[in-house]
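Trainee: Quick one: structure below, then a few questions.
Read-outs: derived from the displayed coordinates by stated rules, not from any lab. Because the structure is a prediction, the values reported are computed rather than measured. Note that we place each Cβ from the backbone using ideal geometry, even for glycine, and neighbour counts take in every protein chain shown.
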Amino acid sequence: MLQASKVHFCIKQRPIVEQISLEVNPGEILAILGPNGAGKSTFFKILSGDISCKHGSVKYNGKTITSLKAKDLASVRAVMPQHSQVNFPFTVQEVVELGLISTQTKNSSQLINEVLNATNTDHLKDRIFNSLSGGEKQRVQLARALVQIWESKPFPRYLLLDEPSSSLDIAQQHAVLSILQKLKSRNIGILVILHELNLAAQYADKIALIKNGAITKIGTVEEVLDEKTLERAFDHPIQLLKNPNTGRLFVASAAPFYSSLATSKLA
């Protein structure tokens, strides 16, 4: 189990993450939703170990993240941040191979081929990474994270992703979430920050809704996706419909959007 308990984080005495507690179990997808500036990415960095936190605790399979050496942490969790830079002229295959640096495996070639095929990036493997489009780069970075935990292991592992579909077209968005659904059957728990509410509605097992650094609601999709709850979280009227094909909820705007941002007048 990935467990966060009363995680609290401030910058210059301003709370960014306020007393957040949640659990991610192997075999489930937990989607984190919330408006811009809610503290989602900061909380994500605390969970991944990129930011140390003095208040509260993060545990992987019962062990605190601070007690795990880098190699041990890499063996139980893989991370795809929202933004990744490659400063050297690496090929796509070389970028994906970075996911195996801390992994001991005898099947590295097979693992790389499998994740390249799964992410539909095998045809790009000899391309220079920085020559790719934004969406192609995002899929390659997903492959790099996947290869780290792709091989079956006897213990639970976790995949953390921060908006992995933000640069993708609709077909690729669903392809990525479909990969995650299949991956959870390998005793892997998945925490994913999503911008698109309907992707969470269709693919998540649980949802945590965050606003102003705190969880406003957490539970199953049906428990969290409530019109009034979403309206308060996003400051915009929401309508929920039933998808006739899947039976899942569909999130729609219930009114035209009128920005509260100041607009400049034409000279």
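Trainee: If all Cα-Cα distances of region 2-253 are sorted into 5 Å bins from 0 onward, what percent lands in each bin, rounded to whole numbers?
Mentor: 1, 6, 13, 17, 19, 17, 13, 8, 4, 1, 0
Trainee: In which sequence would Glu94, Glu222, Glu136 go, from the one with the fewest C-beta neighbours within 10 Å to the one with the most?
Mentor: Ordered by Cβ neighbours within 10 Å, fewest first: Glu222, Glu94, Glu136.
Trainee: Taking the Cβ-Cβ separation of Thr66 and Asn187 as r and a Förster radius of 22 Å, what is the calculated FRET efficiency to the nearest 0.05?
Mentor: So the FRET efficiency works out to roughly 0.35.
Trainee: So which of Lys59/Lys182; Lys153/Lys184; Lys106/Lys153; Lys6/Lys184 end up more than 18 Å apart, counting from Cα to Cα? Present the calculation step by step, with values, prior to reporting the outcome.
Mentor: Working: Lys59/Lys182 24 Å; Lys153/Lys184 13 Å; Lys106/Lys153 13 Å; Lys6/Lys184 26 Å.
Exceeds cut-off: Lys59/Lys182; Lys6/Lys184.
Trainee: If you don't mind, there's one more thing I want to ask. Restricting to Cα atoms and excluding each atom paired with itself, what does the Kirkwood estimate give for region 107-172 in Å?
Mentor: Details: mean 1/r = 0.0784 Å⁻¹.
Evaluated over region 107-172, this radius sits at 12.8 Å.
Trainee: I would also like to ask the following. Restricting to the chain, compute how many DSSP beta bridges are antiparallel as a %, nearest 5. Display every interim value, and only then the final one.
Mentor: On the way: 26 of 44 bridges.
Among the beta bridges of the chain, antiparallel pairing accounts for roughly 60 percent.
Trainee: Arrange Leu98, Leu191 by Cβ neighbour counts within 10 Å, fewest through most, would you?
Mentor: Leu98, Leu191
Trainee: Continuing with the same structure: In what sequence do Lys69, Lys40 fall when counting other Cβ within 10 Å, fewest first?
Mentor: Lys69, Lys40
Trainee: Ok, one more. For every helix of n ≥ 4 consecutive DSSP H residues, a contribution of -39,500 (n - 2.57) applies; sum these over the chain, divide by its total residues, and give [θ] at 222 nm rounded to the nearest 500 deg cm²/dmol.
Mentor: Values: 9 runs with 82 residues, N = 267.
Rounded to the nearest 500, it is -8500 deg cm²/dmol.
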